[in-house]
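Encoded as structure tokens, the structure appears first; notes follow it.
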Amino acid sequence: MEVAVTINGESYSREVEPRTLLVHYIRDFVGLTGTNVGCDTSSCGACTIHLNGESVKSCTILAVQADGQSLTTIEGLADGEVLHPMQESFRQCHALQCGYCTPGMVMAAISLLDENIAPTEQEVRLGLKGNLCRCTGYHNIVKAVLHCAGASV
Amino acid sequence: MIPTAFDYIRARSIEEALAALATHGDEAKLLAGGHSLLPLMKLRLATPAVLVDIGRLDDLRYINDVGDYVAIGALTRHRSVETSDLVRSQAGLLAEATSYVGDPQVRHMGTIGGSVVHGDPASDLPSALLAMRATLVVQGPSGQREIAVDDFFTGFLDVSLGVDELLIEIRVPKMPDARWSFQKFNRRAQDWAIVGVSVVVNNGSSGIGLVNMDSVPLRAVAVEAAVNGGASASEAAQVAAEGANPPSDLNAGPEYREHLARVLTRRALAVVGC
């Protein structure tokens, strides 16, 4: 089945089997490998992207469900060499260790701030409950999101 | 990649979806947000030959004020229910329970109808719908019918929906002055409830729904009777597990679940001021 999507402003079209997951479409067919597959059970959030501007887990969406929609992945955030403010906050606050969860964390965090521009620390922790960091680096991740939201941390 | 291949039909109308169900019978499954079905398919616990994607039926995405109830289209996403001013002011318990479903990503994609027809006894939403005495509207080849939520959940992952029927709307009675509480106990952030409870008290009448205390979500009718008879929170909570047949799994055995039901019910009743 033909699946046409816009990813980071670019149009892509590809014939896929209906059972193809969106994350595999993005990684294997489009070649954008910043979006990671972690648990493949919609628990860990490593595969988080934006579907029409909202965070979703691309391992639990069929590519055919996204046909005609607009997606943003981690590769679509920076403007050339200039990092997105959330990426810059993660860098400044040392909010990554091994880095595997980072693309999903950043995408989830941006969606969180889109819905709540000034979250409390507790709201950040609840808002990121769908993302696991196996390095357990949550402290600095939460700090980075609060920093990006303009809180003094 | 989902391990077992299937045919995919994208329905462009309710009629097309019903026609596909009529053609393929129990070989077909409806796909809404996919957040209950796709995880089962990955594990081969569900292997439909045909997926009928109803995710584009935007006509079934709405939250409307209809006299004495709030009408919620079956394809309304959890996030929309959770943040709806109408649901929050008229059916606050449902908005609260919805805020506990999965995580933000799941709530952006998953739908209230998909979650409810999945019939998972550990799911959060049925307890609120039971407590609030919701009504479900389904459409089949011969038209629409209404099902009281008490008659909807028939077994483990089973609901009283024919293979040729589609859930189209959930009706929740308006209760602007109700007091309510949703209590959920789990060990990890996104887990299903080991036990959960929805409590609502409206005009002196109580509704109490339990999560994961049986093979179906169920009402704690003994607690309701005790509350309606004027019992205190701690007295009424003592009978929270009465009539339930709690499951046993890695998280808890039946006795611990019965204990949790009593504790969580007491807490919820205390919140609502019983």
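Select from B:Glu235, B:Glu82, B:Glu165 the residue whose mean-square fluctuation is largest in a Gaussian network model of chain B (Cα-Cα springs shorter than 10 Å).
B:Glu235
Based on DSSP loop calls and a cut-off of at most 13 other Cβ atoms within 10 Å, the longest stretch of chain B free of exposed trypsin sites (Lys or Arg not before Pro) is what? Walk me through the intermediate numbers first.
Working: sites that count: B:Arg12, B:Arg44, B:Arg187, B:Arg188.
Answer - B:45-186.
Rounded to the nearest 20 Debye, what is the dipole magnitude of segment B:34-147 about its Cα centre when Lys and Arg each give +1 and Asp and Glu each give -1 at the C-beta?
340
At what distance in angstrom do the alpha carbon centres of segment B:125-171 and segment B:59-108 lie from each other?
When both Cα centres are located, 16 Å separates them.
Where a ≥ b ≥ c are the square roots of the eigenvalues of the C-alpha gyration tensor, would you call chain B rounded, which needs a/c under 1.5, or, failing that, prolate if a/b is larger than b/c, or oblate? Don't skip to the answer; put the middle values down first.
Numbers: a/c = 2.01, a/b = 1.49, b/c = 1.34.
Prolate is the answer for chain B, as a/c is 1.5 or above and a/b outweighs b/c.
Testing the spin-label approximation: label points 7 Å from Cα along Cα→Cβ at B:Phe156 and B:Asp59. State their distance in nm.
In this crude label model, B:Phe156 to B:Asp59 measures out at 3.8 nm.
Considering only the other residues whose Cβ falls under 14 Å of the Cβ of B:Ala71, what net charge follows from Lys and Arg at +1 and Asp and Glu at -1? Don't skip to the end; give the middle numbers.
Values: positive: B:Arg61, B:Arg171, B:Lys174; negative: B:Asp59, B:Asp65, B:Asp68, B:Glu146, B:Glu169.
Computed value for this residue: -2.
What percent of all Cα-Cα pairs in segment B:179-272 falls in each 10 Å bin, counting up from 0?
19, 54, 23, 4, 0
Mind running the shape call on segment B:51-158? Use the C-alpha gyration tensor, a ≥ b ≥ c as the square roots of the eigenvalues: rounded below 1.5 for a/c, prolate if a/b tops b/c, oblate otherwise. Write out the running numbers ahead of the final one.
Working: a/c = 1.17, a/b = 1.14, b/c = 1.02.
Verdict is rounded for segment B:51-158.
Express in nm, to one decimal, how much length is gained between A:Arg14 and A:Glu115 on full extension, taking 0.36 nm for each residue of separation and deducting their alpha carbon distance. Please list the in-between numbers first.
Details: separation 101, 0.36 × 101 = 36.36 nm, distance 3.24 nm.
Length gained, A:Arg14 through A:Glu115: 33.1 nm.
What number, in percent, do you get for the relative contact order of chain A if the mean sequence gap of Cα pairs under 8 Å and at least 6 apart is divided by its residue count? Write out the running numbers ahead of the final one.
Working: 282 pairs, mean separation 36.7, N = 153.
Relative contact order, chain A: 24 percent.
Taking a spot 7 Å from the Cα of A:Gln69 along the direction of its beta carbon, which residues of segment A:126-141 have an amide N less than 19 Å from it?
A:130-131
Once label points are set 7 Å from the Cα along Cα→Cβ at both B:Arg187 and B:Leu43, what is their separation, rounded to one decimal in nm?
About 1.6 nm, to one decimal.
Where the only charges are on Cβ atoms (+1 Lys, Arg; -1 Asp, Glu), what is the dipole of chain A about its Cα centre, to the nearest 20 debye? Don't jump to the answer; show the numbers that get you there.
Values: 9 positive and 16 negative charges, 120 e Å.
It works out to roughly 580 debye.
Alpha carbons only, please: Rg and Dmax for segment A:51-153, in angstrom.
Spelled out, the Cα radius of gyration and Dmax of segment A:51-153 are 13.6, 43 Å.
Taking other Cβ within 10 Å of each residue's Cβ, how do A:Asp67, A:Asp114 sort, fewest first?
Values: A:Asp67 17, A:Asp114 12.
Lowest to highest Cβ neighbour count: A:Asp114, A:Asp67.
Which residue, chosen from B:Ala22, B:Ala49, B:Ala11, occupies the Cα position most advanced towards the positive end of the dipole of segment B:7-53, where the dipole is computed from +1 (Lys, Arg) and -1 (Asp, Glu) charges on Cβ about the Cα centre?
The residue sitting farthest along the positive end of the dipole is B:Ala49.
Among A:His94, B:His108, rank each residue by its count of other Cβ atoms within 10 Å, from fewest to most, as a rough exposure measure. List each step's numbers first, then the result.
Working: A:His94 13, B:His108 25.
Ordered by Cβ neighbours within 10 Å, fewest first: A:His94, B:His108.
Would you grab the residues whose amide H sits under 5 Å from the one on A:Ile7? Only those 5+ places off in sequence or on another chain, please, with H modelled 1.01 Å from N.
It is A:Tyr12, A:Leu71, by chain and number.
Pick out which of B:Asp103, B:Asp65, B:Asp249 has the largest mean-square fluctuation in a Gaussian network model of chain B, springs linking Cα atoms closer than 10 Å.
B:Asp249
What is the fewest-to-most order of B:Ile14, B:Ile208 by other Cβ atoms lying within 10 Å of their Cβ? Could the numbers behind the result be given before it?
Numbers: B:Ile14 15, B:Ile208 28.
If I rank by nearby Cβ atoms, fewest first, I get B:Ile14, B:Ile208.
How high is the relative contact order of segment B:58-173? Use alpha-carbon pairs under 8 Å, at least six apart in sequence, and give a whole percent.
Details: 225 pairs, mean separation 32.4, N = 116.
Over segment B:58-173, the number comes to 28 percent.
With the dipole of segment B:58-173 worked out from charges on the C-beta (+1 for Lys and Arg, -1 for Asp and Glu) around the Cα centre, which of B:Gln139, B:Asn64, B:Phe156 lies farthest toward the positive end?
B:Asn64
With only alpha-carbon atoms counted, please give the Rg and Dmax of segment A:2-76, in Å.
Final numbers for Rg and Dmax: 10.8, 29 Å.
Considering Cα pairs under 8 angstrom that are at least six residues apart, work out the relative contact order of segment A:2-76 and quote it in whole percent.
Working: 149 pairs, mean separation 30.4, N = 75.
Once normalised by length, the contact order is 41 percent.
Test of understanding: what is the full-extension gain from B:Ser13 to B:Ser234, defined as 0.36 nm times their sequence separation minus their Cα-Cα distance? All intermediate terms of the calculation are to be shown ahead of the outcome.
On the way: separation 221, 0.36 × 221 = 79.56 nm, distance 5.05 nm.
Length gained, B:Ser13 through B:Ser234: 74.5 nm.
Per residue Cα convex hull volume for the protein assembly as shown, in cubic angstrom?
Numbers: hull volume 60.5 nm³, N = 427.
With only Cα atoms used, the protein assembly as shown gives 142 Å³ per residue.
Picking from A:Asn36, A:Asn140, A:Asn52, which is most flexible by a Gaussian network model of chain A using Cα springs under 10 Å?
Largest GNM mean-square fluctuation: A:Asn52.
Laboratory data are not the source of any read-out in this text; all were calculated from the coordinates shown. Values in this document were obtained by computation on a predicted structure and should not be read as measured data. Counting neighbours? That spans all protein chains shown, and the Cβs are built from the backbone with ideal geometry, glycine included.
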